[in-house]
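All remarks here apply to the structure that follows.
The values are calculated or read from the model by the stated rules, or taken from the named source; none is laboratory data. For clarity, every value in this text was computed on a predicted model and none was experimentally measured. With ideal geometry, Cβ positions are generated from the backbone for all residues, glycine too; neighbour counts draw on all protein chains shown.
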Amino acid sequence: MTKKEKEPEHNSIGIVNTEYFTFCEPPHPLKLSNGRKLGPVTLAYETYGTLNENKSNAVLILHALSGNAHAAGYHSDKDKAPGWWDTYIGPGKAFDTDKYFIICSNVIGGCSGSTGPASLNPSSGKPYALDFPMVTISDMVNAQKKLIDHLGIKKLLSVAGGSMGGMQALQWTISYPDMVESCIGIATSASLSAQGIALNEVGRQAIFNDPKWNGGNYYDSSFPKAGLSLARMIGHITYLSEKHMHEKFGRKFQDSANAGNDMNPEFMVESYLRHQGVKFVERFDANSYIYITRAIDHFDLRADYGDSLTAAFENVSANYLIISFTTDWLYPTGNSKEIVRALRVNGKNVNYTDIETDNGHDAFLLPNELLEKNIKNFLKSELKKSEI
Amino acid sequence: MEELKIGYDLVIDEIPEGSRVLDLGCGDGTLLKLLQEQKNISGFGVEISEEGVSQCVEKGVYCYQADIDEGLSDYRDNSFDYVILNQTIQNTKRPDYVIKEVLRIGKKSIVSFPNFGYYRTRAYLMFKGTMPVSKLLPYQWYDSPNIHLLTIKDMIRMAEDFSFSIISEKHFSLSGVDRSNVISIAPNLMAEYGFFVITSIES
């Protein structure tokens, strides 16, 4: 989401590689929630650290809307920025690669090495585009389950993620209760608010209304960059709090000498958003943006269980660490409290804290001492409990 | 956050092995941790400060951040063997509501609080004419979290008014930071702290 400060080199995991696992080859496709079938399926993933002898120290990291498998370290010496959660993953960090075997899996529907709308449709030999089936958070998790089986891991010490990553983590504990010891859900929700859906829809409309989108068929011509970059700009507004935005940019001008003379970006906040938009289209596929935001919008654990969130968490066996941020208005505190309430009512073990910060939804990606400490201590005690 | 271990020994004595325990206002989680170690309980804490929660996480004690005046209604009847209100009831906005909920969700509850009827507290008010400030009540009236101070006798009257039973009373004064001396003679005058085990389940 927002750009991170470059990390000090000394506690980086170093150079890492993305790996790929292909499964559900014909005639055994992946069955999706809507009844459609998908195969073969490829998932991009990265691993850091070492799996211990008992295979009891594996932690699965799940990413948010625009994330990918590259959560930590660098792909080459030339990389300017590390993976998206390098602040929290590495030697001695919250997800300590000296202690845990960290796996970060991409999602189906994505565009960063996993099967998605830009992948070749085996039946036509052309990119799927909108022939790609709708996928849900639960489908993403079912695909990841195949990856975990492939890695020979029977039980994950933890599943962890922020935002949509947290949704996947929650879904993991419900879909595969016997495979997860614990769950870390940060700035997440059991369902997105109407306001969140509305903002996702505005982003999608920006893409739909770009003439280059062409009903999703643009892979052999020029990409709908204008639409996707506008969607990203809207996204970025939702990731920041009003206060954080004010502190970061205020009313400062980018180029005060020229202010008010033309339509070029004038305020720093404008130029920041445009930069984020431009940068994003270089690495993300517009159709994936549509599919993944749809998956987020449709995620609804309450609806899945007869309009009862309590029922959704009735049979989970994981222990939870749920964290929200006081200024997050995209996944507000109340959303986390609902999850905590459902867990409490079922007598499940849950830690919950609402961390005070000005950083809004983005807080889970930014350095935060309390977040770091809570993750680190939670994992430590969950590992200890799992070994008894 | 340095916590005084007020009445911890009495609470630990009271709670049987393997109980399910909810500690309202659990602070840094020390009491629940001790109960886990000594009585192998399943413990759950509620704490208002994010610092307290993170200290609980560090100890491996499950705790959620909330105001205890909210959220108790979510629990099912008799969800816990014990609900602990240790030095907490006088901090709540609605002690009447909290007591009713605690009796509903816990089979038994432990309520312990600084006794405002303690003779030195009475004397302080009598002779100085200002709100008592002491080791027992270490706050000025304007910054005190103790918004509903009470005496041992008040709790006994509450049992009548709210029709719950008092299973046992172990009113005490402190010797040292974590040792309790149970006071059985004229406790409302002589004990620094009130200590009740209560229930709404008819025997």
Task: Single residue of the stretch A:262-302 satisfying the filter (part of a loop (DSSP other than H, G, I, E, B) and among the acidic types (Asp, Glu)) that is farthest from the chain's Cα centre (by Cα) - done: A:Asp262
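Quick grid of which residues meet (1) surrounded by 24 or more Cβ atoms within 10 Å (Cβ to Cβ); (2) β-branched (Val, Ile, Thr); (3) outside any loop (DSSP other than H, G, I, E, B); (4) within 16 Å of the chain's Cα centre (by Cα):
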{"position": "A:Pro122", "(1), (2), (3), (4)": "no, no, no, no"}
{"position": "A:Gln144", "(1), (2), (3), (4)": "yes, no, yes, yes"}
{"position": "A:Asp149", "(1), (2), (3), (4)": "no, no, yes, no"}
{"position": "A:Ile153", "(1), (2), (3), (4)": "no, yes, no, no"}
{"position": "A:Val159", "(1), (2), (3), (4)": "yes, yes, yes, yes"}
{"position": "A:Met167", "(1), (2), (3), (4)": "yes, no, yes, yes"}
{"position": "A:Ile184", "(1), (2), (3), (4)": "yes, yes, yes, yes"}
{"position": "A:Ile197", "(1), (2), (3), (4)": "no, yes, yes, no"}
Task: Pair list, Cβ under 8 Å, 6 or more apart: the stretch A:353-382 residue within 10 Å of chain B (Cβ to nearest Cβ) and surrounded by fewer than 24 Cβ atoms within 10 Å (Cβ to Cβ), other residue of a type in the set (Gly, Ala, Ser) and part of a helix (DSSP H, G or I) - done: A:Asp354/A:Ser336; A:Leu370/B:Ser54; A:Lys373/B:Ser54; A:Asn377/B:Ser54
- [ ] Scan B:Phe44, B:Phe80 and give me the residue that is of a type in the set (Phe, Trp, Tyr) and under 21 Å from A:Lys380 (Cβ atoms).
- [x] B:Phe44
Open item on the list: Given the criteria surrounded by fewer than 23 Cβ atoms within 10 Å (Cβ to Cβ) and under 24 Å from A:Ile184 (Cα atoms), does B:Gly45 qualify?
Closed with: no
Open item on the list: Would you confirm, using the coordinates I've provided, whether B:Gly27 is out of contact with any strand residue (DSSP E or B) (no Cβ under 7 Å at 6 or more places or on another chain) and not in a helix (DSSP H, G or I)?
Closed with: no
- [ ] Looking only at the stretch A:202-220, decide whether some residue is in a helix (DSSP H, G or I), surrounded by fewer than 16 Cβ atoms within 10 Å (Cβ to Cβ) and among the β-branched types (Val, Ile, Thr).
- [x] yes
Open item on the list: Checking A:Tyr331 against (1) within 10 Å of chain B (Cβ to nearest Cβ); (2) surrounded by 18 or more Cβ atoms within 10 Å (Cβ to Cβ): exactly one of these is not met. Which one?
Closed with: (1)
Task: Sole exception among (1) out of contact with any helix residue (DSSP H, G or I) (no Cβ under 7 Å at 6 or more places or on another chain); (2) surrounded by 18 or more Cβ atoms within 10 Å (Cβ to Cβ); (3) at the interface with chain B (Cβ under 10 Å from one of its Cβ atoms); (4) in contact (Cβ under 8 Å) with a residue 40 or more places away in the chain for A:Val340, by number - done: (4)
- [ ] Residue by residue through the stretch B:153-182, note down the ones that are assigned to a loop (DSSP other than H, G, I, E, B) and touching a Leu at 6+ places or on another chain (Cβ under 9 Å).
- [x] B:Phe162, B:Phe164, B:Lys170, B:Val177, B:Asp178
TODO: Consider A:Asn11 carefully, then state whether it is out of contact with any helix residue (DSSP H, G or I) (no Cβ under 6 Å at 6 or more places or on another chain), in contact (Cβ under 8 Å) with a residue 60 or more places away in the chain and more than 22 Å from A:Leu151 (Cβ to Cβ).
DONE: yes
Task: Long-range neighbours under 7 Å by Cβ, at least six apart or interchain, first residue over 17 Å from A:Pro127 (Cβ atoms) within the stretch A:282-295, second assigned to a helix (DSSP H, G or I) and among the polar types (S, T, N, Q) - done: A:Thr293/A:Asn200
- [ ] Being modelled with pLDDT of 95 or more, within 9 Å of chain A (Cβ to nearest Cβ) and in a helix (DSSP H, G or I) is the filter here, so list the residues in the stretch B:56-98 that pass it.
- [x] B:Cys56, B:Val57, B:Glu58, B:Lys59
- [ ] With the checklist (1) more than 10 Å from chain B (Cβ to nearest Cβ); (2) within 23 Å of A:Ala160 (Cβ to Cβ); (3) surrounded by 17 or more Cβ atoms within 10 Å (Cβ to Cβ) in hand, flag the one item A:Ser317 doesn't pass.
- [x] (3)
TODO: Would you check if there is a residue in the stretch B:76-95 being within 30 Å of A:Ile388 (Cα to Cα), buried (at least 21 other Cβ atoms within 10 Å of the Cβ) and either in contact with a Phe, Trp or Tyr (Cβ under 6 Å, 6 or more places away or on another chain) or among the polar types (S, T, N, Q) (or both)?
DONE: no
- [ ] Can you confirm whether the stretch A:240-261 contains a residue that is part of a helix (DSSP H, G or I), surrounded by 22 or more Cβ atoms within 10 Å (Cβ to Cβ) and touching a residue at least 60 places away in the same chain (Cβ under 8 Å)?
- [x] no
Task: A:Ile292 modelled with pLDDT of 95 or more and facing chain B (nearest Cβ under 9 Å) - done: no
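Yes or no, residue by residue, for (1) in a helix (DSSP H, G or I); (2) within 20 Å of the chain's Cα centre (by Cα):
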| position | (1), (2) |
| --- | --- |
| B:Lys100 | yes, yes |
| B:Val111 | no, yes |
| B:Thr121 | yes, yes |
| B:Phe127 | yes, no |
| B:Thr130 | no, no |
| B:Ser134 | no, yes |
| B:Gln140 | no, no |
| B:Ser144 | no, yes |
- [ ] Assess whether A:Ser191 counts as being surrounded by fewer than 24 Cβ atoms within 10 Å (Cβ to Cβ) and among the hydroxyl-bearing types (Ser, Thr, Tyr).
- [x] yes
- [ ] Being more than 15 Å from the chain's Cα centre (by Cα), more than 23 Å from A:Glu382 (Cβ to Cβ) and surrounded by 21 or more Cβ atoms within 10 Å (Cβ to Cβ) is the filter here, so list the residues in the stretch A:74-113 that pass it.
- [x] A:Pro82
TODO: For B:Arg120, work out the one condition from (1) closer than 22 Å to B:Leu189 by Cβ; (2) free of Cβ contacts under 8 Å to residues at least 12 places away in the same chain; (3) charged (D, E, K, R) it doesn't fulfil.
DONE: (2)
